[in-house]
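The values are calculated or read from the model by the stated rules, or taken from the named source; none is laboratory data. As the structure is a computational prediction, the values presented were derived from the model and not from experiment. Ideal geometry is used to build each Cβ from the backbone, glycine not excepted, and the neighbour counts take in all protein chains shown. Just the protein is used for accessible areas: all its heavy atoms, side chains included, with ligands, DNA and RNA removed. Shrake-Rupley method; radii C 1.70, N 1.55, O 1.52, S 1.80 Å.
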Amino acid sequence: MFENMDYIYEVFKAGSFSKAAKNLYISQPSLSATVKRVEEKEGYAIFDRSVKPLKLTEFGEKYIESVLSIKAIEKSFESFKADYGELKTGSLKLGGTNLVSSIVLPKMIEGFKHKFPNVSTELFEGTSPDLEAMLSDGTVDMVIDYSFPNHESFESRTIEDEYLVLAVPKSYEINKGLEKYLLDTKTIKDGGISTSTVETVPLEKFRDLSFVLLKKKNDTYQRAVKICAEAGFTPKASFVGAQQMTAYHVCASGMGAAFVSSILIKHFPDNPDLCYYRLDPKYSRRPLCLIWKKERYMTKAMREFENLII
């Protein structure tokens, strides 16, 4: 019944017979004839050729839905088969935000590749909502991020606790008199924020400062707003960026204070132009997690990666 389904599926993906034929390295007339034979055999049209771009008929939608189910079964079996042979073959697709993809994941992948050189690895970058969607549709196998809002659909294990700290340009007059609240860079790099005896800074002292903030959907932005709300004010933005690394560099240039990840500070060279202050862990502490879709088949590559980094 689903003979030549790959040809039909390619037409569906490409949105036209000409593009699909090019992708399949066959002629357009040959592809059109193949699809026509399938439609005649089934007794119903799969594509509505009267509109552009090409659309599926009602029958075609159900046909493609069935093809996707078949492909999911095939992919599941290929994942299982790849487990045989002590990971001499297989793949691992990992996702992370810009910060994680730039700083955290490369070293993890390097360690995994050293142990399993024949397993192909791919790295996907996106926002947290992007990554959640990628996990849901199977684009990626695992993600390193903070927990997702729709957490009941996912499994996760904590890799480490990350902390947001307040970074303030050293040239700012406000730093004078706040020395007892300063975190030294070594404490942050050594992961000692949680055990530090340094007091959390009274954030209300910074209410009149301008802040370098991230976009509203970003978890760091949402936490920053909550932290400031606890101190009785709403932060005024001097700059709004998409990535935490951008916010860090803009802050270091003197354009405003910023809420910065301890992981970023840990992996960046010391910056003598910044002061760091400890924040209340209620909103500043967040677990960096390895996340995967609940009830999905765990390949051996996924299990080995989990064992390696946890």
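The table for this structure:
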| read-out | value |
| --- | --- |
| Cα convex hull volume per residue for segment 252-310 (Å³) | 150 |
| Unit charges on C-beta of K, R, D, E only; dipole of the chain, Debye | 440 |
| Share of carbon and sulfur in the accessible heavy-atom surface of the chain [1.4 Å probe, %] | 51 |
| Positive dipole terminus of segment 1-80, leading residue within S18, T34, S69 (C-beta point charges) | S18 |
| Solvent-accessible surface (1.4 angstrom probe) belonging to I70, in square angstrom, nearest 10 | 50 |
| Kirkwood-based Rg to Rh ratio, segment 1-66, C-alpha trace | 0.92 |
| Which of I103, H114, S50, positive extreme of dipole for segment 49-126 (C-beta unit charges) | S50 |
| In segment 70-122, the trypsin sites (Lys or Arg not before Pro) that fall in loop regions by DSSP, at most 12 other Cβ within 10 Å | K88 |
| Ranked order, E3, E10 - accessible area, probe 1.4 Å, largest first | E3, E10 |
| Cβ-derived FRET efficiency at R0 35 Å, E122 paired with D48, nearest 0.05 | 0.50 |
| Segment 81-189, dipole about Cα centre (Lys/Arg Cβ +1, Asp/Glu Cβ -1), debye to the nearest 20 | 560 |
| Relative contact order [Cα under 8 Å, 6+ residues apart], the chain, whole percent | 22 |
| Flagged links, alpha-carbon separation over 18 Å, of K41/K71; K93/K115; K217/K266 | K41/K71; K217/K266 |
| Volume per residue that the Cα convex hull of segment 15-126 spans, once the total is divided by residue count, Å³ | 164 |
| Computed magnitude of the charge dipole of segment 175-296 (debye, nearest 20; Cβ of K, R +1, Cβ of D, E -1) | 600 |
| Helix-only [θ]222 nm of the chain, DSSP H runs n ≥ 4, -39500 (n - 2.57) each, per residue, nearest 500 | -12000 deg cm²/dmol |
| Within segment 182-243, chymotrypsin sites (Phe, Trp or Tyr not before Pro) in DSSP loop having at most 14 other beta-carbon neighbours inside 10 Å | F233 |
| Largest-first principal axis extents of the Cα set of the chain (Å) | 83, 48, 33 |
| Segment 161-301: radius of gyration over Cα atoms, expressed as a fraction of 2.2 N^0.38 Å | 1.10 |
| Solvent-accessible surface ranking, highest first, for T299, T246 at 1.4 angstrom | T246, T299 |
| Probe 1.4 Å, accessible area per residue of the chain, Å² | 54 |
| Under-5 Å amide H pairs with K236, H placed in peptide plane, nonlocal only | F211 |
| Rg/Rh ratio calculated on Cα atoms of segment 117-243 (Kirkwood radius) | 1.03 |
| Projected label distance in nm at D137 and E58, using a 7 Å step from Cα toward the beta-carbon | 2.6 |
| Accessible-area ranking of E110, E78, largest first, probe 1.4 Å | E110, E78 |
| Probe 1.4 Å - accessible area at S210, Å² to nearest ten | 50 |
| Rel. contact order, % - alpha carbon contacts under 8 angstrom, at least six apart, segment 225-284 | 32 |
| R223 accessible area, 1.4 Å probe, all protein chains in place, Å² to nearest 10 | 50 |
| For S16, residues with placed amide H under 5 Å, excluding near neighbours | none |
| Relative contact order of segment 173-310, pairs being alpha-carbon contacts under 8 Å that are 6 or more residues apart, as % | 30 |
